[in-house]
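Below: one structure, written as structure tokens.
The values are calculated or read from the model by the stated rules, or taken from the named source; none is laboratory data. Only a predicted model underlies this, so the values are computations on that prediction, with no experimental measurement involved. For neighbour counting, all protein chains shown are included, and Cβ atoms are generated from backbone atoms with ideal geometry for every residue, glycine included.
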Amino acid sequence: MNLFGVSSELRPVVEDLNRRFEGRFDALVTPRLNEVYFHAAMDLVPGFCAHLCRKWKARLMTVFADDARAGHGVFHLYYALVLDDLHGLLVLRVPVSPETPEFAALTNAIPAVNWQEREIQDWFGLKLIGHPNPRRCALHDDWPAVHPLRKDFNLDTVLPPFQGERHKFRPVEGEGVFQVPVGPVHAGIIEPGHFLFSVAGEPVLYLQLRLFYVHKGTEKLFERLPIPHGVRLAESISGDSSFAHATAFCHAIERAAGAQAPQRARMLRSVCLELERLYNHVADVGAICTDVAFVTANMHAMRLKEQILRVNEHLTGNRLLRGMACLGGVRFDWDADQIKRLNGLVNDLRPEFDSLVQLVEGSSSTLDRLDTTGILKPEVARDLGVVGIAGRASGFAHDLRRDLPHAAYDQVRIRVPVHQVGDVRHRLQVRVDEVRESLALIQTFIAKLPGGPLRIEIGEVPPDRVAFGYVEGWRGEIFHWIRTAPNNRLARCRVKDPSLQNWPALSEAVLDNIVPDFPVINKSFNLSYSGTDR
Amino acid sequence: MPGILTKSLSTGIVTTRYPDTPAHASPHTRGRPEIDWPKWNDARSAAAVCPTAAIACNDAAQTRTVTFDLAKCVFCGLCADTDKAIRMSNVCECAARHRNRLVATAQYGLNEDGTHRQLIAGPDAATAMHDAVSSATRNDSIESLGRQIQSRAARLFGRSLHIREVDAGSCNGCEIEIVGLTSPVYDIERFGIHFVASPRHADMLLVTGPVTRNMELALKKTYDATPEPRLVVAVGACGCSGGIFGVNYATRGAVDTVIPVDVYIPGCPPNPQALLHGILMAIERTA
Ligand code: SF4
């Protein structure tokens, strides 16, 4: 095997895999130093993943399919593993023949891919073999037998309106057990989804989630738009992570084109990512307090959030940082006055935020409700592959800003807060730690801001290139995988929002808690419905 | 407890105090695009970069019909980057009572190379669009908008206005700004406007999204559960027109394809002041 083009850190792993699975790889493709593809047959999947996870501490970050029947006569399944310590991605690609459209489930060995495997079944019509719960996930039960991400399914297909049943929930029975259905339209100003609680008295015995109410055909739509328009669509995957998703998308395209955004742009991207983290974390600190009836703290948090949104607007023309991202860099430069506003914000926020935290920590009735509530045990978090804030609160120390540096994060030292307790209090604590870190990071970036161009031209990207783009958003890691098509379009865009990974953990965290604590537990995860449903 | 009090006292009042102080705006804000129709000599480049087809050209023989649909616009400013005839204003309050008032159409005669020779007709509705923005309450402050809502709501609904927010498929961007209305900075409750948990308590539905296939029924049921007189306000580019998602296998597009809409609030997302402006317009209609 030719190891040319593999990063020095990944090289020993690739050599080890070659020895271990000698002769079983059809090809090894290394489009980038830290992104290596192995092509093999499907029976290699369990062994390959298990070996990497055990020996090299890899984690299976996403599983997805691609309809490659036109070029290769088969569907492809991709199993992408991150090696955090070695700063790289290893991807196993296996074919699925259209004659026997089936694949073996990996969920029993790696529960973290439960929902993703079912998504493949729904969207590509590839039957899951041996899955513990092979029911529909991404398409509701009433949907006709369509497989939207197959190439022969037209985006514009008109489906009949809803009728019948959305989801057959698992029965939960026993003396005194009853069901509490909630949603899809919730009481607050939040996104839609359906929760079915099975309770005995106060404690929750079992929570079943029915999501994908806001499925908008996003991954399919990416295949129609010219690549530059995809940036705007990426901004609308999850509004609270507009900049992170758009940047992950741009990153993927830039990697496919073999280009890199200029230094100044990478710094500005990092600042915007931190601003996005700031306004969301500050808002969440307040919202968590609201859910345990400490409204005053939320009022202060909302006031701070508004200050941040106004600075966002001053810097990028939009309060949610929309319109700032573009291929090859960023769109708007900042003059002295804008930088002054940004510095002013950081200086104001530091004492303001400290005082907010003091307020929360000084309220014993609030802490009482947060401590030991909604515990997600580290072992469970690891099994479910929980990422982001929720992962770090349960002992899972991953942060792509450090592990797969992007934007300008290779130029700073990132401290990753990790806690082991995994309750609401510690998910709050991760946010508190990260807000302080973000404020420091913004100042560092501004102090280091180099001159030079804002963007480089990304011309038409040649067809049939594949690439991962990644960003550590405020909620957790975001991945976009693309395969290019002729005429500057995409043949496939896989979007992995951290929410998709973390929802099943919510069901675990609420067990044995009382129903009235559900809102605050849910808020402490604060997952995106739109990011999940796409 | 003393900590809470001291903090509240030392923070003071943060709620906007228009008209005593000027409205919040940044010179960098991107509001609705302004098109110089008579001087526009080629709409094709703007149409090509527009991600939502808010600007669209349709050529027939020697003429070109150009439409600009504010309901689809996400205020990205890409058109203004490529075309000097377009300028991004910082006007964000663009609500309208009729969908067609957000659409301007013009016809141009064409040169050989496809550039515009002259403006033949229109822009239709563009002037109307300006009316909708300027004559209503565009220059009004939050404070006076709020007072007007309060007095009209008093006439219409007795005392106050109750709003049920329905996310019928949005990306949650609009929700961020709607939640912002309840912050101490905008403090919508001081005008007697409340967000309520049940449609049965609501006078108005504030609907975001492109309506997804999976939310269509829930939206209809919510609408049916709202007692009359009821108002529906479609929020954001997606709610007004389907936005970048449009209509596809999973979405039905604009809110008005599913339930009747009284007012459209463009923007991506509309900011809190734009939201208040639209809410006021909805009450005005029936009062
Ligand atoms: S500002 Fe509006 S009209 Fe102009 S390109 Fe963006 S979406 Fe299209």
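Hydrophobic (A, V, I, L, M, F, W, C), under 28 Å from B:G236 (Cβ atoms), out of contact with any Asp or Glu (no Cβ under 9 Å at 6 or more places or on another chain) and assigned to a helix (DSSP H, G or I): is that true of A:L342 in this structure? Criteria met by A:L342. Among residues of the stretch A:35-54 that are surrounded by fewer than 19 Cβ atoms within 10 Å (Cβ to Cβ), those with a Cβ under 9 angstrom from a residue that is assigned to a helix (DSSP H, G or I) and of a type in the set (A, V, I, L, M), sequence gap 6+ or separate chain, pair up as A:H51/A:L17.
Within the stretch B:56-114, being acidic (D, E) and assigned to a loop (DSSP other than H, G, I, E, B) holds for B:D83, B:E93, B:E112, B:D113. Are any of the residues in the stretch B:28-36 more than 10 Å from the ligand (Cβ to nearest atom) and farther than 22 Å from B:A274 by Cβ? There is at least one residue in the stretch B:28-36 that is more than 10 Å from the ligand (Cβ to nearest atom) and farther than 22 Å from B:A274 by Cβ.
Of the residues making up the stretch B:200-213, just one is surrounded by 24 or more Cβ atoms within 10 Å (Cβ to Cβ) and without any contact (Cβ under 8 Å) to a residue 40 or more places away in the chain, namely B:R213.
Candidates are the residues of the stretch A:509-529 that are in contact with a Leu (Cβ under 6 Å, 6 or more places away or on another chain) and in a helix (DSSP H, G or I); the one that is surrounded by the fewest Cβ atoms within 10 Å (Cβ to Cβ) is A:F525. For the stretch B:38-48, the tally of residues that are surrounded by fewer than 18 Cβ atoms within 10 Å (Cβ to Cβ) and either small (G, A, S) or within 16 Å of the ligand (Cβ to nearest atom) (or both) stands at 3.
Condition test on B:D113, is it within 11 Å of the ligand (Cβ to nearest atom) and among the charged types (D, E, K, R)? When the stated conditions are applied, B:D113 does not pass them.
Contact map, the stretch B:27-56: first residue away from chain A (no Cβ under 14 Å) and closer than 19 Å to B:C92 by Cα, second residue within 13 Å of the ligand (Cβ to nearest atom) and among the polar types (S, T, N, Q), Cβ cut-off under 7 Å, separation 6 or more or different chains; pairs are B:E34/B:S89. Looking across the stretch B:49-78, the residues that are farther than 16 Å from A:V231 by Cα, near the ligand (Cβ under 10 Å from one of its atoms) and surrounded by 24 or more Cβ atoms within 10 Å (Cβ to Cβ) come down to B:A54, B:I55, B:F68, B:L70, B:K72. When each of A:L86, A:L28 is tested for being of a type in the set (A, V, I, L, M) and either surrounded by fewer than 17 Cβ atoms within 10 Å (Cβ to Cβ) or out of contact with any His (no Cβ under 8 Å at 6 or more places or on another chain) (or both), the lone residue that passes is A:L86.
The single condition among (1) modelled with pLDDT under 95; (2) outside any helix (DSSP H, G or I); (3) within 14 Å of chain B (Cβ to nearest Cβ) that A:T532 does not satisfy is (2). Within the stretch B:176-199, restricting attention to residues that are of a type in the set (D, E, K, R) and in contact (Cβ under 8 Å) with a residue 60 or more places away in the chain, the residue that is nearest to A:G188 (Cα to Cα) is B:E177. Against the condition without any contact (Cβ under 8 Å) to a residue 60 or more places away in the chain, within 20 Å of the chain's Cα centre (by Cα), outside the structural domain of A:A112 (by TED's automatic domain parsing) and not in a helix (DSSP H, G or I), how does A:V386 come out, does it pass? Taking the combined requirement at face value, the residue does not satisfy it.
Counting the residues of the stretch A:303-319 that are basic (K, R), surrounded by fewer than 23 Cβ atoms within 10 Å (Cβ to Cβ) and in contact with a Lys or Arg (Cβ under 8 Å, 6 or more places away or on another chain) gives 1. For the condition more than 11 Å from the ligand (Cβ to nearest atom), surrounded by fewer than 24 Cβ atoms within 10 Å (Cβ to Cβ) and among the charged types (D, E, K, R), B:R87 does not qualify. One residue stands out in the stretch B:171-207 among those that are farther than 28 Å from A:A297 by Cα and touching a strand residue (DSSP E or B) at 6+ places or on another chain (Cβ under 8 Å): the one that is farthest from the other protein chains (Cβ to nearest Cβ), namely B:D203.
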